[in-house]
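Colleague: Sharing a structure, written as C-alpha cells. Questions coming.
All of the numbers you see were taken from the coordinates with simple rules; none came from a lab. This structure is a prediction, so every number in the text was calculated from the model and none was measured. Every residue, glycine as well, gets a Cβ built from its backbone with ideal geometry; the counts of neighbours run over all protein chains shown.
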C-alpha cells in the first residue's frame, strides 16, 4: 500500500508540483491550502506523513505542528516543515515544536522526496518496501515481476498496471471509469469495455494450477481483488 502524504501549502503551483512528484515516486498525496483546515483533515485522513508550510493563511505552520503533537490520536505523525526562513534559530524552533525535518525554500522536489522517504523508512517501513503482497501474490515494483505461490507469471504492461491498482487497495471496488483513469490515464480515450478484456487476460495469467480467482466482479459496480470467502 502506498504511503499517504498530506501537503499543507497555500501556494497552488507548489502543492500541485509536489503532488505530481509524490505520485511519480510511488506515493499518494492530498492537499490542504488553509491553516485552519489542516488539523481536521489530518484527523480525518490520518496521513502517513505531513508536509507543512511555515507561513499559512489563518493559522501558522508552527501552531499546527504544536496542535498535532498535543493531539493523542495523531501526535506520532511525522512532519516535514517547509519555510523560507533560513535562520538557525527558526530551524531550531521548528524542530523543538515537534517537526521531524526541515526544508528551506527554494528546494528541489527530488531532495524533498528523498527526505520524505528517509522519514518513512523509520516510521512506516512496510510502505517504503519495493514488494507489494496480497494473499499468495507478490509484486516486485523495482523489477516489475509478479509471482503467485512463488511461481513467476508473465503479465503484459496493462495487466501489470491493473494488478498494481488492485493490490494497493485490496477489497476496494473500482468502477471501469476509475480503472481507466488509473491505468490508461485521463487524457486517453478508451472504451470502458476495454477494461473487461484486460481483466479477463489478467485473470487468465494469474490463474495458476491450484490457485483461486482473486479478482471479483461486482455487478453494476466494477472489480476488486479479494480473498474468496469459504463456507
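Colleague: Against the empirical 2.2 N^0.38 Å scaling, what ratio does the C-alpha Rg of the chain come to?
Modeller: 1.18
Colleague: Output the relative contact order of the chain, whole-number percent, from Cα pairs under 8 angstrom with separation of 6+ residues.
Modeller: Normalised by residue count, the contact order of the chain is 13 percent.
Colleague: Indicate, rounded to the nearest 5 percent, the antiparallel portion of the DSSP beta bridges found entirely in the chain.
Modeller: 50
Colleague: Then there is this: Which value in nm describes the separation of the simple spin-label points at residue 161 and residue 145, placed 7 Å from the Cα toward the beta carbon?
Modeller: Label-label distance for residue 161 and residue 145, simple model: 2.4 nm.
Colleague: Moving on. When the chain is fully extended, how far beyond the present Cα-Cα distance does residue 111 get from residue 67, taking 0.36 nm per residue of separation?
Modeller: Result for the pair: 13.1 nm of gain on full extension.
Colleague: At 7 Å along the Cα-to-beta-carbon direction for both residue 44 and residue 17, put a label point, then send me their distance in nm to one decimal.
Modeller: My value for the distance between the label points is 2.8 nm.
Colleague: A follow-up question, please. Label residue 213 and residue 200 with points 7 Å out from Cα along Cα→Cβ: what is the distance between them in nm?
Modeller: The two pseudo-label positions are separated by 1.2 nm.
Colleague: For a paramagnetic label modelled at 7 Å from the Cα of residue 177 toward its Cβ, which residues of the stretch 200-222 fall within the zone defined by backbone nitrogen distances under 18 Å?
Modeller: Residues 218-222 fall inside that zone.
Colleague: If you average the sequence gap of Cα pairs under 8 Å that are 6 or more apart and divide by the length of the stretch 4-127, what percent do you get for the contact order?
Modeller: 22
Colleague: Let me have the 222 nm mean residue ellipticity of the chain computed from DSSP H runs of 4+ only, each contributing -39500 (n - 2.57), with the sum over all residues rounded to the nearest 500.
Modeller: After summing the helix terms and dividing by the residues of the chain, the value is -11500 deg cm²/dmol.
Colleague: Going by the alpha-carbon gyration tensor, a ≥ b ≥ c the square roots of its eigenvalues, is the stretch 1-54 rounded (a/c under 1.5) or, if a/c is not under 1.5, prolate (a/b greater than b/c) versus oblate?
Modeller: Taking the square roots of the gyration eigenvalues as a ≥ b ≥ c, the stretch 1-54 is oblate.
Colleague: From the square roots a ≥ b ≥ c of the eigenvalues of the alpha-carbon gyration tensor of the stretch 131-225, which class results: rounded (a/c under 1.5), prolate (a/b over b/c), or oblate?
Modeller: Prolate, because a/c is 1.5 or more and a/b exceeds b/c.
Colleague: How high is the FRET efficiency from residue 58 to residue 88, r the C-beta distance, R0 25 Å, rounded to 0.05?
Modeller: Efficiency for this residue pair is about 0.35.
Colleague: Shifting gears a bit: From Cα pairs below 8 angstrom and at least 6 apart in sequence, can you work out the relative contact order of the stretch 131-225, rounded to a whole percent?
Modeller: 27
Colleague: Working out 0.36 nm times the residue gap between residue 101 and residue 152, then minus their Cα-Cα distance, what length gain in nm do you get to one decimal?
Modeller: 14.3 nm
Colleague: Next question. Once you order the gyration tensor axes a ≥ b ≥ c over the Cα atoms, which shape class does the stretch 4-127 get: rounded for a/c under 1.5, otherwise prolate or oblate by comparing a/b with b/c?
Modeller: Taking the square roots of the gyration eigenvalues as a ≥ b ≥ c, the stretch 4-127 is rounded.
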